[in-house]
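These notes concern the structure reproduced below.
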Amino acid sequence: MSVLDTPVAVQRVKSHRVAETFSRARELAIFAVILILFFGTAIKTPGFANITSVQQILTNSSLFILLAIGETLVIVTRNVDLSVGSTLGMSAFLVGEYYTHTYSTSTFHSNGSVIVAFLIGIGVGAFCGALIGLIVTVAKVPSLVVSLAALYIIRGILNLIGTGVQIEPTVIPSSFQKIGYETWAGIPWIFIIPLIAALVIAFAMRSFRSMRELYAIGSNPVAAQLAGVPVGRRVFTSFLLSGSLAGLGGVLFASEFATVNATAGTGYELLVIASCVVGGVAIFGGSGTVIGAGLGAILLQVINQALVVTNVSPFWDSALAGALILVAVSIDRFVSNRASLALRLKQGATRVD
Amino acid sequence: MSTDVPVLDDQELGLAGARTGFGFRSLVRWEGMLGLLFIFDLFYGGFSTSQFFTKDTIFFAGINFGLIAIMALPEMLIITTGEIDLSVAAMLGLACATFGYLFEHHVEVFLAMLITLCVGAIGGALNGFLVTRLGLPSIAVTIGTLTMFRGLAEVILGTNEITNFGGPWTDIGTNTIPGTPFAWAFGIFVVLAVIYGVLLHFTALGRSIFAIGLQQEAAFFSGIRVKRIKFLLYLTSGVVCAFAGILYTYQTNTARYDAASGLELNVIAIVLFGGVSIFGGRGSAVGVFLSVIAVGTFDQILTIKNVSSEDQSIVFGLLLLASVVIPNIPRGYHLVRQRLNSASLSKRANS
């Protein structure tokens, strides 16, 4: 290939810059769509434009944002994690069980601490993620199959221990439930956690070498390996992080709903991937940002909310979300075609393919 | 120094499918294992419950597993071309809702079936158009259409449930094929499986499907109409799933928008468990058939033993995991030995 003849550094900077411009444009575009939808709804239904509905949207989307961040880390490496919904359910359930076991019948409240609950949830998620990551990287089997199997196994184990068990709000201490409904400066706490996670990981994926390598793996796994990227270790880490974030999502699930049973988080996996796709994460890896994925998750919630308050039947929710996904993928395709064309034209003078 | 350069084998270079010799041998072995699993099912079922070898078992296994089995067939072809269709169960739901709606509005049953199948064709064509003509990734497209089809089903029926489907057709849902203990769904599956098996293994189209899955560009340059074939596969997938939707309506005697919700992953899992490679280019109809039979029987045993369907999913997940990990064990062993050898060599060289 003639790629080797051109100065690699120049090429990398150029393609990097083009990719960055487009991804930023993508994030801005989704943000604009969110605003348009929100204010469009507000014009149609006067009572809508207030702080409560914003809080409602942020609260509803917070779990999906967390899962979408983790999923982005995995998808960027050209893998996929279908187990996030089951992992979230497992984590939420075990957090609930923890509070049930520390519940004291004499004082009528649980002696469990919030920090331990978080540690349990994240630990459960990290364990599940690590297991999937190990199988994917050591046995070198496709992640779609492994995580699909994990989806069944984790949910099955959860059913085994949790069928007929319902964690009630009474056993969950109010200090923990407050995370689900209290606000700080008008922002729900339950949204602040994903927000921090998104900002930290977005920064890391822009600036840290190890996280940049995730993009390299997704763009071309073989090339990344030949360039000295520890592919196995990085892919393992992305699964570990995805699992941990799903575990954290489980903790937030327990605090938001305060009732948990064995079906918690069922069917989230495809919604999460949909959020990523809407947010501009390429399904075959190599591009996309966590901010985009998070905005994608919010957009899906805004549509939901807008349909509820306007007189359009809420039954249209899924149909519109589906159409939105298709539109988003089509736009991505169009834009990336244009981008690669532009790139080729720019380099045409110095490079012959 | 030179020993530090990673040795990439075919798998890591993404050429695993190209080693057809090895692939074929391992495939035969995998089908053999599925056959053994089925025999194990029979023994396990026979010894553990007295109700196993009865007509009811065969009938209910067909009812409980028939729809997944039917949807697995078009999915098999699509995965063999290296694509995926996640919208199958949603299409079943949409077909179910459409059929129920038409039935409620007193449309003639035949016409209603025809319209439902047309809806399936349109949905499948939409998938096919987006994947082939716009060149979009099938996993993203079919997640989108999955959401959309399910949504449209919800728009059509809302949370209504339509029941009491009378008429001569109810037999195909609730009775056996006359003279046999088999459910209609199972019979239809077997007929379709034979058709799909012949199509995949004994026709030019089938060879083209394998060729597309192995190396799409090479297939294109050797004159195979890649886009047209993929489009047709998605189209027929839509029709078959719509047909499964009609069958579902008659089996449960209800039409509801969330029919077969979440079954898409079961369908995919069955196909993969049958030895079809998720990367395309490898797989066989016999494998998928045996996978359906073995897993369906096992499910039925667990159902007889009152194990809930949720608990069965552990077993299913483990089987699925085994189906991808076990074929990789010889290669992994080889790789580890190679690494150990080179490590000891470099140690010797250093000392």
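The values are calculated or read from the model by the stated rules, or taken from the named source; none is laboratory data. Keep in mind it's a predicted model, so treat the numbers as computed, not measured. Cβ placement follows ideal geometry from the backbone for every residue including glycine, while neighbour counts extend to all protein chains displayed.
If I filter segment A:228-249 for residues that are crowded, with 19+ Cβ neighbours inside 10 Å, among the aromatic types (Phe, Trp, Tyr), assigned to a helix (DSSP H, G or I) and within 12 Å of another protein chain (Cβ to nearest Cβ), do I get at least one hit? Before you say what the answer is, go through the steps one by one.
Taking segment A:228-249 and keeping what is crowded, with 19+ Cβ neighbours inside 10 Å, we get A:229, A:231, A:234-249.
In the following step, the residues that additionally are among the aromatic types (Phe, Trp, Tyr) were identified as A:236, A:239.
Among the residues that remain, those that are also assigned to a helix (DSSP H, G or I) are: A:236, A:239.
Add one more test, that the residue is within 12 Å of another protein chain (Cβ to nearest Cβ), and what stays is none.
There is no residue in segment A:228-249 that is crowded, with 19+ Cβ neighbours inside 10 Å, among the aromatic types (Phe, Trp, Tyr), assigned to a helix (DSSP H, G or I) and within 12 Å of another protein chain (Cβ to nearest Cβ).
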Any chance A:ALA323 is among the aliphatic types (A, V, I, L, M) and modelled with pLDDT under 85: no
Candidates A:LEU195, A:LEU199 - the one that is surrounded by fewer than 14 Cβ atoms within 10 Å (Cβ to Cβ) and part of a helix (DSSP H, G or I): A:LEU199
Residue count, segment B:200-225 (criterion: aliphatic (A, V, I, L, M), within 24 Å of B:MET71 (Cβ to Cβ) and surrounded by 17 or more Cβ atoms within 10 Å (Cβ to Cβ)): 3
Residues within segment A:26-57 that are within 30 Å of A:SER336 (Cα to Cα) and touching a residue at least 40 places away in the same chain (Cβ under 8 Å), tallied: 9
All positions within segment B:150-175 that are in contact (Cβ under 8 Å) with a residue 12 or more places away in the chain and facing chain A (nearest Cβ under 7 Å): B:ARG150, B:LEU152, B:GLU154, B:GLY158
Residue tally, condition assigned to a helix (DSSP H, G or I) and either of a type in the set (Asp, Glu) or surrounded by fewer than 24 Cβ atoms within 10 Å (Cβ to Cβ) (or both), over segment B:62-98: 3
Enumeration of residues in segment B:311-320 that are surrounded by fewer than 19 Cβ atoms within 10 Å (Cβ to Cβ) and within 7 Å of chain A (Cβ to nearest Cβ): B:ASP311, B:LEU318
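Yes/no matrix, rows are residues, columns are (1) more than 12 Å from chain B (Cβ to nearest Cβ); (2) assigned to a loop (DSSP other than H, G, I, E, B); (3) more than 25 Å from A:ALA92 (Cα to Cα):
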residue: A:GLY280; (1), (2), (3): no, yes, yes
residue: A:ASN304; (1), (2), (3): no, no, no
residue: A:ASN311; (1), (2), (3): yes, yes, yes
residue: A:ALA321; (1), (2), (3): no, no, yes
residue: A:ILE325; (1), (2), (3): no, no, yes
residue: A:ALA328; (1), (2), (3): no, no, yes
Pair list, Cβ under 9 Å, 6 or more apart: segment B:262-285 residue within 9 Å of chain A (Cβ to nearest Cβ), other residue acidic (Asp, Glu): B:GLU264/B:GLU75; B:GLU264/B:ASP85; B:LEU265/A:GLU269; B:ILE268/B:GLU75; B:ILE268/B:ASP85
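The rows are residues; the columns are (1) touching a residue at least 12 places away in the same chain (Cβ under 8 Å); (2) away from chain B (no Cβ under 14 Å); (3) under 19 Å from A:LEU63 (Cα atoms).
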{"residue": "A:ALA149", "(1), (2), (3)": "no, no, no"}
{"residue": "A:ILE157", "(1), (2), (3)": "yes, no, no"}
{"residue": "A:LEU160", "(1), (2), (3)": "no, no, no"}
{"residue": "A:ILE190", "(1), (2), (3)": "yes, yes, yes"}
{"residue": "A:PRO194", "(1), (2), (3)": "yes, yes, yes"}
Where a residue in segment A:124-147 is within 14 Å of another protein chain (Cβ to nearest Cβ) and its partner, wherever it lies, is aromatic (Phe, Trp, Tyr) and surrounded by fewer than 18 Cβ atoms within 10 Å (Cβ to Cβ), with Cβ under 8 Å and at least six apart: A:PRO142/B:PHE279
